[in-house]
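Structure record follows, encoded as structure tokens.
The values are calculated or read from the model by the stated rules, or taken from the named source; none is laboratory data. Note that the structure is predicted; figures quoted are calculated from it, not measured. Because the Cβ atoms are built from the backbone with ideal geometry, glycine has one as well, and the counts that use them run over all protein chains shown.
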Number of protein chains: 2
Amino acid sequence: MNAMMTSDDFVAALREIGATRYHHLHPFQLKLQSGELSKAQVQAWALNRYYYQSKIPVKDAYILARMETSELRREWRERIVDHDGDAANPGGIEKWIALTDGVGLDRDYVLSGEGILPGTRFAVDAYVTFVRERSLLEAIASSLTELFSPNVIGMRVRGMLEHYDFISPETLAYFDKRPVQAKRDSDFALDYCVRHARRAEEQLAVLDALRFKCSVLWAQLDALDHAYVEPGRPPFDVWQPGLGGTSP
Amino acid sequence: MNAMMTSDDFVAALREIGATRYHHLHPFQLKLQSGELSKAQVQAWALNRYYYQSKIPVKDAYILARMETSELRREWRERIVDHDGDAANPGGIEKWIALTDGVGLDRDYVLSGEGILPGTRFAVDAYVTFVRERSLLEAIASSLTELFSPNVIGMRVRGMLEHYDFISPETLAYFDKRPVQAKRDSDFALDYCVRHARRAEEQLAVLDALRFKCSVLWAQLDALDHAYVEPGRPPFDVWQPGLGGTSP
């Protein structure tokens, strides 16, 4: 039988997971921000990550559907607005499409999802399934990777602007608002998890949910590294550098 | 609007998918059967594939649940018996555990599923989800990879026995009955798909289901190759050569 952690120890354990397992440490991410990737490899990253972006409001809708008070739903609904936009403001998904436009990918091809890696699809779909099938506490906990994104976003944007002549600030506009949104969202989710994990087992389930989510992000970069950086050829049906899907 | 294929053309299209996309062509598979892998790499393969084996009767149960006649269910039930065994005969899962025993993995560790790659879990779970959520025709079609396994099994078993001194015929007993079972099962499934794909769209859905299943098998070997063959280190929490999980 495990003892309950204090709130401080629990939060420290969550932050330790981020410090060691968040995808800012992944070799592909390090290559991306230090300018070691070719344009085609950056395109592959943008194309595959679009699928992840496109599923974020879907998983948030599953969370919304399971919340039982208007107060909670109003709070969580903001995430969907941030990604889907409203009459006045483009959402994160539209800004991600500006990014794939900016690196020269064909928009219809990106939206079709046709050329993405099976490893991307399996990992992202596993995330949506996790959120649907696990407890609400675990579903919310799986969003806690946002605790770790604000710092990393600054480093990634600076690195990409410095090293790639095909990347402009407009192309990376997606990231402009993310640090503020991510801080607001993850502060709320962290507070929710601290208050609702009332038994040791629930604290452990929260830690496991965050580890799971880190593996979802990590596996996406593994698949990119394997298919587009390491020697060999990408699997069937996926986007091939220089072939269909890039603008002329 | 697509035209309906003749049965012969439809079967030829299915076999063409196998000839080009089945995992007998995967670099990891070629290395496995030609003796190029270390014992630790063979252990990683056995450990991860156990997770796939363990989910086969689960996905077959979802198919069984959706069949509406005793005749169909009696036929499909054989697959579950083959993998789960009966009072007289060990099933395929038990024989796979003999394989993981044989290569020196700790049985409790294997059964726990703890050390498997996220890429393995995501791919296998995607297969189970596909079978649950798609049409019965597509679910049955996704089993058609068994059309291509009998030839490959012979080559794999001969290669492994020849090249690895830690592999015995007893260790590979799992494969003894598979060619006969796979032929019986895939003959039935092929006949079912030919008779029930009555529109061009259904034929295309069957072809897509087989492509999907090939990508499930392929992605599992991609994950093994990336984690255990290519330079770098395996992801978090997964089995590490020489560490916990191997018998002393």
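For the reader, a short list of remarks on this structure follows.
- Residue in region A:148-169 that is basic (Lys, Arg), within 14 Å of chain B (Cβ to nearest Cβ) and farther than 22 Å from A:Asp125 by Cα present: no
- Pairs, first over 13 Å from A:Ala219 (Cα atoms) and within 14 Å of chain A (Cβ to nearest Cβ) in region B:226-248, second modelled with pLDDT of 80 or more and surrounded by fewer than 22 Cβ atoms within 10 Å (Cβ to Cβ), C-beta under 6 Å, six or more apart: B:Tyr228/B:Gln41; B:Glu230/A:Glu230
- Answer residue from region B:215-225, given it is buried (at least 24 other Cβ atoms within 10 Å of the Cβ) and within 8 Å of chain A (Cβ to nearest Cβ) and is nearest to B:Tyr127 (Cα to Cα) among those: B:Ser215
- Here B:Ala88, B:Ala19 are screened, and the one residue that is surrounded by fewer than 17 Cβ atoms within 10 Å (Cβ to Cβ) and more than 24 Å from B:Gly159 (Cβ to Cβ) is B:Ala88.
- Exactly one residue among B:Leu144, B:Leu161 is closer than 30 Å to B:Asp106 by Cβ and out of contact with any Phe, Trp or Tyr (no Cβ under 8 Å at 6 or more places or on another chain), and that residue is B:Leu161.
- Within region A:185-214, the set of residues being of a type in the set (Asp, Glu) and away from every other protein chain (no Cβ under 14 Å) comprises A:Asp185, A:Asp187, A:Asp191, A:Glu201, A:Glu202.
- Residue that is touching a residue at least 24 places away in the same chain (Cβ under 8 Å), surrounded by fewer than 16 Cβ atoms within 10 Å (Cβ to Cβ) and under 26 Å from A:Glu68 (Cβ atoms), where the choices are A:Arg199, A:Arg195: A:Arg199
- Residues that are outside any helix (DSSP H, G or I), out of contact with any Phe, Trp or Tyr (no Cβ under 9 Å at 6 or more places or on another chain) and closer than 18 Å to B:Ser142 by Cβ, drawn from region B:64-84: B:Arg66
- Here A:Tyr127 meets the list (1) in a helix (DSSP H, G or I); (2) more than 14 Å from chain B (Cβ to nearest Cβ); (3) not hydrophobic (A, V, I, L, M, F, W, C) almost entirely, failing just condition (2).
- Hits in region A:20-53 - residues which are part of a helix (DSSP H, G or I) and under 14 Å from A:Phe166 (Cα atoms): A:Leu32, A:Gln33, A:Lys39, A:Ala40, A:Gln41, A:Val42, A:Gln43, A:Ala46
- Members of region A:130-167 that are crowded, with 17+ Cβ neighbours inside 10 Å and polar (S, T, N, Q): A:Ser142, A:Ser143, A:Thr145, A:Ser149
- Within region A:103-121, considering residues that are buried (at least 17 other Cβ atoms within 10 Å of the Cβ) and part of a helix (DSSP H, G or I), the one farthest from the other protein chains (Cβ to nearest Cβ): A:Val110
- Of all residues making up region B:28-48, the number that are within 17 Å of the chain's Cα centre (by Cα), closer than 19 Å to B:Asn151 by Cβ and within 14 Å of chain A (Cβ to nearest Cβ): 3
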